[in-house]
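Peer 1: Just dropping this structure here.
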Amino acid sequence: MGFLIEQGIRVLCLDIDGTLYPKRMLNTRMLRSSFPSLRLAMAFNWARAEYRRIQDEEPTLKPSREGLLDLQTRLVCGRLGRPLSEQSLQKTRSAIDRQFYQAWERSFRSIKAYDGMRDALVQAKQHGLVIAVFSDFPLAKKLETLGIVDLVDIAYSSEESGYLKPSGNAFSFLLERLAVQPDQVLFMGDSYSKDCQGAKRAGMYSCLITSARTKVYPDADLVIGSWKEFASLVL
């Protein structure tokens, strides 16, 4: 078990999109979300980035998914130059739900897991690890589609906390539910800034899955290129 035994890891926590299945599938789905309104898609993408920037300092943010969706809608309306009236906010929120959340839920029914991913998780379970999932977007039926719902013990979207990765508040929400010390968790994701740096600041160990192996990732305790490599190095 190499790294796990050496570091006393008890929980393997995973991002989903780009971590459990190839990022090219995620990019394809993101491209599709540009329709029917490219303008709304651009405003939504801007709002998500802006939300990450201001979330830890925004005094009006309610730490819940409802609070996140409310502020996200306000950001989108502001970006589009729409009034912040109740009617305008509700109309925009409904449009966001249809074009992104509902459309993504339908499109994720066809995602295909990375080769070796389920086998690695089976090995992790055999070694006594708790398997957790923590994704920015709602889980929908992704775990069922990926064929790992039977292996996952704990699953949350960071939206439920009212924050997005890499916010320390999002990772605190996760740690409270894992009920272990931060240094007993190995967090694995495909985003260096959101997953690895966020987890590292929260006191966890971090693992980056990426094809860009020529770069330096000082906040990643492990850098792997595939799930088979993960199994050989970590398990």
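Peer 1: Once the piece of chain linking LYS23 and ALA212 is laid out straight, how much longer is it, given 0.36 nm per residue of separation minus the C-alpha distance between them?
Peer 2: That works out to 66.8 nm of additional length.
Peer 1: So, one more: What does the convex hull of the Cα atoms of the stretch 66-156 come to per residue, in Å³, rounded to a whole number?
Peer 2: 106
Peer 1: Can I ask one more? Calculate I(q)/I(0) for the stretch 27-108 by the Debye formula, one identical point scatterer on each C-alpha and no solvent, and give its log10 at q = 0.10 Å⁻¹ to two decimals.
Peer 2: The Cα Debye sum returns log10 ratios of -0.23.
Peer 1: Assuming R0 = 22 Å, can you tell me the calculated FRET efficiency for the pair ASP150 and ASP119, based on Cβ-Cβ distance, to the nearest 0.05?
Peer 2: 0.95
Peer 1: Would you mind calculating the gained length between PHE3 and GLU86 on full extension (0.36 nm times residue separation, minus the Cα-Cα distance), in nm to one decimal?
Peer 2: 24.6 nm
Peer 1: Still on this model: Placing +1 at every Lys and Arg Cβ and -1 at every Asp and Glu Cβ, with all other atoms neutral, what dipole size does the stretch 27-108 have around its Cα centre, in debye to the nearest 20?
Peer 2: That gives a dipole near 380 debye.
Peer 1: Pairs of Cα atoms under 8 Å, at least six residues apart: use those to get the relative contact order of the stretch 27-108, whole percent.
Peer 2: Here the relative contact order equals 34 percent.
Peer 1: With a cut-off of 8 Å between alpha carbons and a minimum separation of six or more residues, what is the relative contact order of the chain in percent?
Peer 2: 27 percent.
Peer 1: Follow-up. Pulled fully out, how much extra length does the chain show between ILE54 and SER226, if you take 0.36 nm times their separation in residues and subtract their Cα-Cα distance?
Peer 2: Length gained, ILE54 through SER226: 58.6 nm.
Peer 1: With a 10 Å Cβ neighbour count serving as the proxy for reagent exposure, in which order, fewest first, do ASP195, ASP119 appear?
Peer 2: Least crowded to most crowded, the residues run ASP119, ASP195.
Peer 1: So for the chain, considering every pair of alpha-carbon atoms, how many percent are separated by more than 34 Å?
Peer 2: Beyond 34 Å sits 16 percent of the P(r) for the chain.
Peer 1: With the cut-off at 30 Å, tell me which of the pairs LYS62/LYS228; LYS91/LYS165; LYS62/LYS125; LYS62/LYS112; LYS141/LYS165; LYS141/LYS215 have Cα atoms farther apart than that.
Peer 2: Exceeds cut-off: LYS62/LYS228; LYS62/LYS125; LYS62/LYS112; LYS141/LYS215.
Peer 1: Which ³J(HN,Hα) values, rounded to whole Hz and listed in residue order, are derived for the stretch 62-72 from phi using the Karplus coefficients 6.51, -1.76 and 1.60 in 6.51 cos²θ - 1.76 cosθ + 1.60 with θ = phi - 60°, glycine and proline given as x?
Peer 2: For the stretch 62-72, the Karplus curve yields 8, x, 7, 5, 4, x, 5, 5, 5, 5, 4 Hz.
No value in this document is a laboratory result; all are computed from the given coordinates. Since we're looking at a predicted model, the values are computed, not measured. Using ideal geometry, Cβ is built from the backbone for each residue, glycine included, and neighbour counts are taken over all protein chains shown.
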